[in-house]
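The values are calculated or read from the model by the stated rules, or taken from the named source; none is laboratory data. Predicted, not measured: the structure shown is a model, and the values here were computed from it. Note that we place each Cβ from the backbone using ideal geometry, even for glycine, and neighbour counts take in every protein chain shown.
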Amino acid sequence: MSTVRKIPMRKCVGCNEKKSKKELIRVLRTPEGQITIDATGRKNGRGAYICPNSECLKKAIRNKGIARSLDVSIPQEIYDELQKEMSAIEQE
């Protein structure tokens, strides 16, 4: 008997589409209050997920989706860092 593994689904804070966790980038608020990008998806803290494209990032910035789901105001540097990361992913 084979067990069917459930694929963890998460919602993008930009486009509000549900996708598998592996397809999304996790933005993390650590217990110390730092905001970072969690490439592994395993670090401790509160996470917000976003599609790896700049359109979703623009929507998330506009609707303050990341800030809302992490319960903290996001400094512009974090958005800039995310933008760089998105550009790198889109060029692959």
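Laid out as a table, the results:
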item	result
Where ILE7 falls short, out of the listed (1) of a type in the set (A, V, I, L, M, F, W, C); (2) assigned to a helix (DSSP H, G or I); (3) loosely packed, with under 13 Cβ neighbours inside 10 Å	(2)
Members of segment 25-65 that are farther than 16 Å from ASP80 by Cα and in contact with a strand residue (DSSP E or B) (Cβ under 6 Å, 6 or more places away or on another chain)	ARG29, GLY41, LYS43, GLY45, ARG46, GLY47, ALA48, TYR49
Selection status of GLU85, loosely packed, with under 13 Cβ neighbours inside 10 Å, of a type outside the set (Ser, Thr, Tyr) and not in a loop (DSSP other than H, G, I, E, B)	no
Condition broken by ALA48, with the remaining ones in (1) among the hydrophobic types (A, V, I, L, M, F, W, C); (2) free of Cβ contacts under 8 Å to residues at least 40 places away in the same chain; (3) in a loop (DSSP other than H, G, I, E, B) satisfied	(3)
Any hit, segment 67-76, residues being within 23 Å of SER20 (Cβ to Cβ) and either in a loop (DSSP other than H, G, I, E, B) or charged (D, E, K, R) (or both)	yes
Matching residues in segment 10-44 - criterion: being touching a helix residue (DSSP H, G or I) at 6+ places or on another chain (Cβ under 7 Å) and in a loop (DSSP other than H, G, I, E, B)	VAL13, GLY14, CYS15, GLY41
Out of PRO75, PRO52, sole residue that is more than 12 Å from CYS12 (Cα to Cα) and not aliphatic (A, V, I, L, M)	PRO75
SER20 being hydroxyl-bearing (Ser, Thr, Tyr) and without any contact (Cβ under 8 Å) to a residue 24 or more places away in the chain	yes
Residue list for segment 1-20, filter: at pLDDT 90 or above and either charged (D, E, K, R) or within 18 Å of ASN63 (Cα to Cα) (or both)	ARG10, LYS11, CYS12, VAL13, GLY14, CYS15, ASN16, GLU17, LYS18, LYS19
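Per-residue answers, yes or no, for (1) surrounded by fewer than 13 Cβ atoms within 10 Å (Cβ to Cβ); (2) over 28 Å from ARG5 (Cβ atoms); (3) not hydroxyl-bearing (Ser, Thr, Tyr):
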site	(1), (2), (3)
LYS22	yes, no, yes
ILE25	no, no, yes
ILE35	no, yes, yes
ASP38	no, no, yes
GLU55	yes, yes, yes
LYS58	no, yes, yes
ILE61	no, yes, yes
